[in-house]
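Enquirer: Structure below; questions to follow.
The values are calculated or read from the model by the stated rules, or taken from the named source; none is laboratory data. Here the structure is a predicted model, which is why all the values come from computation and not from measurement. Cβ: placed from backbone, ideal geometry, glycine included. Neighbour counts: every protein chain shown. When the accessible area is computed, the model is the full protein with side chains, heavy atoms only, and any ligands, DNA or RNA have been set aside. Shrake-Rupley method; radii C 1.70, N 1.55, O 1.52, S 1.80 Å.
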Amino acid sequence: MTSKQRAYLRSLAVNLDTILYVGKAGLGPEVYKQADEALEKRELIKGRILPDTCPETPRDAAEAIAGATRSQVVQVIGTRFVLYRPRRKDPKIILPRP
């Protein structure tokens, strides 16, 4: 992914609601399943680590979820992160050309 494409996805993520939360249970099959289903439906999701309870850092959690769901980390800022995975059929988000 180029920096231009990443910037485009960041601009789309500004208005997204946070739909994925990682709390004291940490990362597990439930979190991965929820992220996978959300990515299939939306392509771009925003997640958050609950800092007082989650044992992982935001960067580590975002990379672990991205690896498990075959997605890409767009950005990590503070306790929030954004993930992107294009749909297999009929993608909604068309990235700018590199």
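Enquirer: Summarise the accessible area of the range 1-83 (1.4 Å probe, protein heavy atoms) by the percent that is carbon and sulfur.
Expert: For the range 1-83, the apolar C and S fraction of the accessible surface comes to 49 percent.
Enquirer: Among (i) 40, 26, 21; (ii) 54, 35, 19; (iii) 46, 31, 19, only one was calculated for this model; which label is it, if the read-out is Cα extents along the principal axes in Å?
Expert: (i)
Enquirer: Hey, how many Å between the Cα centroid of the range 62-82 and the Cα centroid of the range 1-33?
Expert: If we compute the Cα centre of each part, the gap is 6 Å.
Enquirer: Treating only the Cβ of Lys, Arg, Asp and Glu as charged (+1, +1, -1, -1), what charge dipole size does the range 1-58 show about its Cα centre? Round to the nearest 20 debye. Let's see the in-between values first.
Expert: Details: 9 positive and 8 negative charges, 61 e Å.
Its charge dipole is roughly 300 debye.
Enquirer: Specify which residue in the list Val76, Gln34, Cys54 is farthest towards the positive end of the charge dipole of the range 18-82, using unit charges on the beta carbon of Lys, Arg (+1) and Asp, Glu (-1), about the Cα centre.
Expert: Value computed over the given set: Val76.
Enquirer: Mind listing the long-range amide H neighbours of Gln75? Cut-off is under 5 Å, sequence gap 5 or more, other chains count too, H placed in the peptide plane at 1.01 Å from N.
Expert: Val82
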